[in-house]
1. May I ask you to verify whether A:Gly91 is more than 30 Å from A:Ala198 (Cα to Cα) and among the small types (Gly, Ala, Ser)?
2. Suppose the filter is in a helix (DSSP H, G or I), out of contact with any Pro (no Cβ under 6 Å at 6 or more places or on another chain) and at the interface with chain B (Cβ under 9 Å from one of its Cβ atoms); does A:Val131 pass it?
3. State which residue is farthest from the other protein chains (Cβ to nearest Cβ) when the search covers only the range B:81-119 and only residues that are farther than 20 Å from A:Glu127 by Cβ and part of a strand (DSSP E or B).
4. Quick one: in the range B:37-86, which of the residues that are among the charged types (D, E, K, R) and under 53 Å from the mean Cα position of the chain (by Cα) is modelled with the highest pLDDT?
5. Looking at A:Met32 and the list (1) within 22 Å of A:Ala118 (Cα to Cα); (2) out of contact with any strand residue (DSSP E or B) (no Cβ under 8 Å at 6 or more places or on another chain); (3) not polar (S, T, N, Q), which single condition is not satisfied?
6. How many of the residues in the range A:100-111 are under 29 Å from A:Glu170 (Cβ atoms) and facing another protein chain (nearest Cβ under 10 Å)?
7. Got a sec? Which of A:Pro5, A:Pro25 is out of contact with any helix residue (DSSP H, G or I) (no Cβ under 9 Å at 6 or more places or on another chain) and within 10 Å of another protein chain (Cβ to nearest Cβ)?
8. Sort out which residues of the range B:188-203 are loosely packed, with under 15 Cβ neighbours inside 10 Å and in a helix (DSSP H, G or I), and write them in order of number.
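The values are calculated or read from the model by the stated rules, or taken from the named source; none is laboratory data. Bear in mind that the values here come from a model prediction, so they are computed numbers and not experimental data. Glycine also receives a Cβ, built like all others from the backbone with ideal geometry; neighbour counts cover every protein chain displayed.
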Amino acid sequence: MGIPPVPLERVLDRVDYIWGPERAPHHLLFGMSGSGKTTLIQSLLGVCPEDRVLILDPKPAADAIWDGPAGEPHRWGKPVTAIVPMFGYEGEGGGGPQGMWYRLTGGPDRLDTARRFAAALAIVAAEGHVVLILDDVREICRQLRLAERVDSVMNLGRSASVCAVLSATETSYVSGRSQGGMVWVGHTAGLPAARAGAELLGWRGREQQDTCAALAPHQWIFSEDQPGHSGPCIVTG
Amino acid sequence: MSVSPAGLRTCGREGCGATFTARRSDARYCSDSCRNAANRARSRSDPIRSDRITTPVQVVAIRTPVPPLAWEPASERRRPWKVNEPCPGCGGPLYTSGRGTIRVCLACRHRVTPPGVSAPYQRGGQAVRQVKSQRERDLEALELVQQKGVMLHQLDELAADDRLDPGSRPVVEWFAAEVRAAKAGDRLTELAGLLPDAGIRRRHWWQGEPAAIEAPDDDVDQGDDPDDDGDDEDPGAWPAPVSKAALPDFTAELAVRSWQFLPHGTGLCGLIHMRPHGWDVQPSECINRAEHLIAGGAVCGSCFDALNRPMR
């Protein structure tokens with residue numbers, strides 16, 4: 001297949017241009033564990049330096065990839081256990097470039113995690129105006145049983161200025177996957193996963209599946225369908 | 001292989017070097033084993049037999065120009081843009097940038113909380129702008145239809161009563177029309193509260209004038225009326241589903257099942273199974289989505305179904 005390779009910086013310029021409530025509000029990232037989803041999310045956050053950002057990290061144990069460098073521990077959001085109303089505007093400051101990034105972390109008590117995440121999603125639904133990062137949306141939807149709340153937030157989109165990034169290792173049980181205006185398909189294992197990736201891109205056929213199956217870790221196919229688009233591209237480092 | 005003047009030849013296999021008398025003019029090896037060994041060695045290391053290539057062949061690649069794959073969508077850098085929201089401080093226009101999650105007033109020179117963020121709390125609610133899922137909307141619609149059905153059934157019975165005062169009949173019809181047109185359960189609750197004050201009257205055989213039908217008083221035991229033939233129930237009594245006080249009470253069933261009910265208002269089922277499946281293990285808290293209201297809170301569909309199947 002003739003898919004042009006494009007540097008990540010060039011693709012991020014395009015993302016910055018179209019990513020917003022009025023155009024393409026949501027990203028969907030699909031790739032297996034180790035494919036570079038979190039790294040790509042961090043790249044996407046690079047175009048949101050002034051925005052209010054809430055990262056939902058449901059993993060039972062802290063993921064070191066979200067830790068900032070020495071001297072800047074909250075580069076990727078300040079880890080918190082609860083979100084308060086009007087976070088970022090009132091109360092405790094956050095992390096990130098402008099102190100508006102927060103990272104709600106999960107814990108080993110899944111029931112408690114589900115309650116805290118449900119409360120955070122309720123605040124997001126009420127207030128809007130946030131870039132919402134759902135790192136491993138399948139865990140949030142299926143294990144924490146918050147699929148309907150995720151659906152509600154995704155439906156807000158344009159009306160309440162909610163922009164979301166959904167990352168998933170598989171597409172089943174994933175709310176809002178049909179609303180991904182920008183789709184990133186990365187490294188997967190096995191033909192079924194490659195087929196699922198091709199379907200997310202709107203592709204059908206053996207050659208397209210093989211293209212998805214051949215993606216290496218930290219290599220992505222980016223696709224969007226906004227006016228003026230140039231079709232999918234393979235994102236290179 | 002070499003040929004000696006006396007007709008003797010030297011074996012062509014590398015490493016052999018034996019001389020032999022050729023029986024054929026093209027013989028090159030001293031024995032069959034040497035021929036086979038030489039052929040095997042040639043096929044492994046030299047697939048193209050150099051001794052058969054007489055003239056070098058020059059291969060010229062034909063290059064067709066391949067245009068580079070283009071990927072040049074519009075990607076202008078975003079600039080801050082004005083939004084249709086006034087600054088709460090000076091009333092001037094607000095600007096936003098990036099993904100549109102912040103607001104800045106250029107006149108006041110500081111960041112402003114977007115009106116949409118503070119609006120839910122200024123209105124006194126916790127989640128005024130709540131987008132419901134399709135399932136939630138469907139469940140609410142079904143509950144509304146059920147409430148309407150019960151109320152309309154009782155209004156129809158009332159309208160079919162021959163003893164209904166003629167002046168009350170249009171009132172009953174008006175109530176029926178309002179129930180049919182109601183779009184939410186709150187409207188049905190309003191109508192239920194209005195009915196006792198609507199002055200609907202029923203004429204008794206001993207009454208010269210129609211008697212006003214009073215709202216039911218739960219606190220007063222009116223006793224048995226010897227003249228009561230049992231068919232003149234108070235038409236002001238509305239069906240149970242519209243009354244919050246009439247929510248099903250499963251206190252006894254909860255006790256039988258060793259379940260605790262701790263509603264927490266997060267939209268999840270509030271039941272704790274103290275002995276899950278009858279085992280003496282850690283209590284298990286149900287975290288399914290709450291779908292049914294019962295006295296004191298809400299429970300999920302599966303727990304609600306279980307409570308409606310009494311244990312013996």
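1. On the way: more than 30 Å from A:Ala198 (Cα to Cα): yes; among the small types (Gly, Ala, Ser): yes.
For A:Gly91, the condition - more than 30 Å from A:Ala198 (Cα to Cα) and among the small types (Gly, Ala, Ser) - is met.
2. Details: in a helix (DSSP H, G or I): no; out of contact with any Pro (no Cβ under 6 Å at 6 or more places or on another chain): yes; at the interface with chain B (Cβ under 9 Å from one of its Cβ atoms): yes.
No, not satisfied.
3. So, considering only residues that are farther than 20 Å from A:Glu127 by Cβ and part of a strand (DSSP E or B), the one farthest from the other protein chains (Cβ to nearest Cβ) is B:Pro93.
4. Kept after step one, since they are among the charged types (D, E, K, R), are these residues of the range B:37-86: B:40, B:42, B:44, B:46, B:49, B:51-52, B:63, B:72, B:76-79, B:82, B:85.
Going one step further and asking which of them are under 53 Å from the mean Cα position of the chain (by Cα), we end up with B:72, B:76-79, B:82, B:85.
Numbers: B:Glu72: 84, B:Glu76: 81, B:Arg77: 78, B:Arg78: 80, B:Arg79: 83, B:Lys82: 88, B:Glu85: 85.
Here the answer is B:Lys82.
5. Tallying (1) within 22 Å of A:Ala118 (Cα to Cα); (2) out of contact with any strand residue (DSSP E or B) (no Cβ under 8 Å at 6 or more places or on another chain); (3) not polar (S, T, N, Q), A:Met32 fails exactly one: (1).
6. As a first pass, look at the range A:100-111 and keep what is under 29 Å from A:Glu170 (Cβ atoms): A:101-111.
Narrowing further to those that are facing another protein chain (nearest Cβ under 10 Å): A:110-111.
Looking only at that region, the number is 2.
7. Values: A:Pro25 fails: out of contact with any helix residue (DSSP H, G or I) (no Cβ under 9 Å at 6 or more places or on another chain).
Result of the check over A:Pro5, A:Pro25: A:Pro5.
8. Let us first name the residues in the range B:188-203 that are loosely packed, with under 15 Cβ neighbours inside 10 Å, namely B:190, B:193-194, B:197, B:199.
Across the range B:188-203, the qualifying residues are B:Glu190, B:Gly193, B:Leu194, B:Asp197.
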